[in-house]
1. Considering only the range 136-143, I want to know if a residue exists there that is under 22 Å from Tyr358 (Cβ atoms) and at pLDDT 85 or above.
2. In this structure, does Thr180 turn out to be β-branched (Val, Ile, Thr), closer than 19 Å to Phe372 by Cβ and in a loop (DSSP other than H, G, I, E, B)?
3. Only one of (1) free of Cβ contacts under 8 Å to residues at least 24 places away in the same chain; (2) under 21 Å from Met167 (Cα atoms) fails for Arg52. Which number is that?
4. Restricting attention to the range 276-290, does a residue exist that is of a type outside the set (Lys, Arg), in the same structural domain as Glu185 (by TED's automatic domain parsing) and within 22 Å of the chain's Cα centre (by Cα)?
5. Are there any pairs, at least 6 apart or on different chains, whose C-beta atoms fall under 6 Å, with the first in the range 163-179 and more than 12 Å from His378 (Cβ to Cβ) and the second of a type in the set (Gly, Ala, Ser), and if so, which?
6. Out of curiosity, is Thr60 polar (S, T, N, Q) and buried (at least 19 other Cβ atoms within 10 Å of the Cβ)?
Amino acid sequence: MTEAGVGELVDFMPVSSSKTGSKTHRLVRMLRCIWGRLTFALDIAPRFDYGREFFETHLTEDGAVFEGSRTSMTVALIREPEDERRARTRVDAHSDVHAEVQLEAGEMRGLVLETGTAGPVRAVRVAEAWRLFDETVDFWEAWLGRSTYAGRWREAVNRSAITLKLMTYAPTGGLVAAPTAALPEQIGGERNWDYRYTWVRDASFSRLMSWVALDRGIRLATAHGRPAPLERWHRERDSIYRQIMLRGWSPTRQAFRQHYDTDVLDSSLLRMPTVGFITPTDPRWMSTLRAMDAELVTDSLVYRYDPAASPDGLRGSEGTFSLCTFAYVHSLARAGQLDKARMAFEQMLTYANHLGLYSEEIGLTGEQLGNFPQAFTHLALIDAAIILDRQLDLDPPALSTRRSFAPAP
């Protein structure tokens, strides 16, 4: 918005009907002048292979081709045949493209970025761009129409569902952890988790998940009549349960602990009631929640663990972990602490960006840190919303009691 006019920018990815994998993907950017007259500036600066692959740029009448030794990309203009003098374009010394386009009220132009192709570039007419936009909107409205969620936070839940769908590989249904690979949790620091790999701390979770594996195996074998050494599985599962309840409990902290040889707390404990290991209102679990409030929770946001108390081999500190905050909401709701759960949930919603997206962590000053957007966080948001809705519906606020007073004689 300027004194000369108001503009609108719309980005979208056209939906492909193909169920096979492809290296070719499109991103459309539509620029529209709502009223007045505006000049839009465009900068296109690709960096193939994290900036290690050199490329050349070739301008054409209908767009540009960025061609490296192994990677290529095209940018096609959204334009009409009579647009020759409407835009000014140049290529700088780094092979980046800079352009300006002037629009008047009601006009729309833009570009279509396509990866995995070296051309030829074909201009996209305005009507074709609008058709792609309408088809994309129709797809997402139809897909969201299949949702059965009708609770209090539909906008946030729908946005998270769309995000997870966009992070899904269509041919297999596989879900990426995040579209980015290694954004740092601490700017300039070494807390940089590369999402192309599996980290030992996540893969070997804890003794609790061994109990879960055995418990679910017993349930599956029993429900489907499959052959299994059920007597042994029962014995091992119950042995693990007794071990965790005995050695995993800290009499000093009056809480379950990160592992048997420490009194440090860890947000992975929030999984205990959700997997059915302990009831959400068990006195031991309620005591653990209180201990976590004191050690891991700050203004309703939750840290994974305290690196100072439980060193992880990396220097520096990290922000609160968004997945853990939504898991905390889940635990509070199931523990009957509904006012506290709702406040934490709605406060966490304010930390999303303007598109309702979350990275791994929230910094001390509210900035998003780490890989973005993170699938775990959006899954946990949906889970917390569903559980909190259910608990609120089961336990509505008590109706106020009206008292009648007789007037004084």
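1. Scanning the range 136-143 turns up at least one residue that is under 22 Å from Tyr358 (Cβ atoms) and at pLDDT 85 or above.
2. Criteria met by Thr180.
3. Here Arg52 meets the rest and fails (2).
4. No, the conditions are met nowhere in the range 276-290.
5. Pro171/Gly21
6. no
The values are calculated or read from the model by the stated rules, or taken from the named source; none is laboratory data. None of the values given here were measured: they were computed from a predicted structure. All Cβ positions, glycine included, derive from the backbone under ideal geometry; neighbour counts span all protein chains shown.
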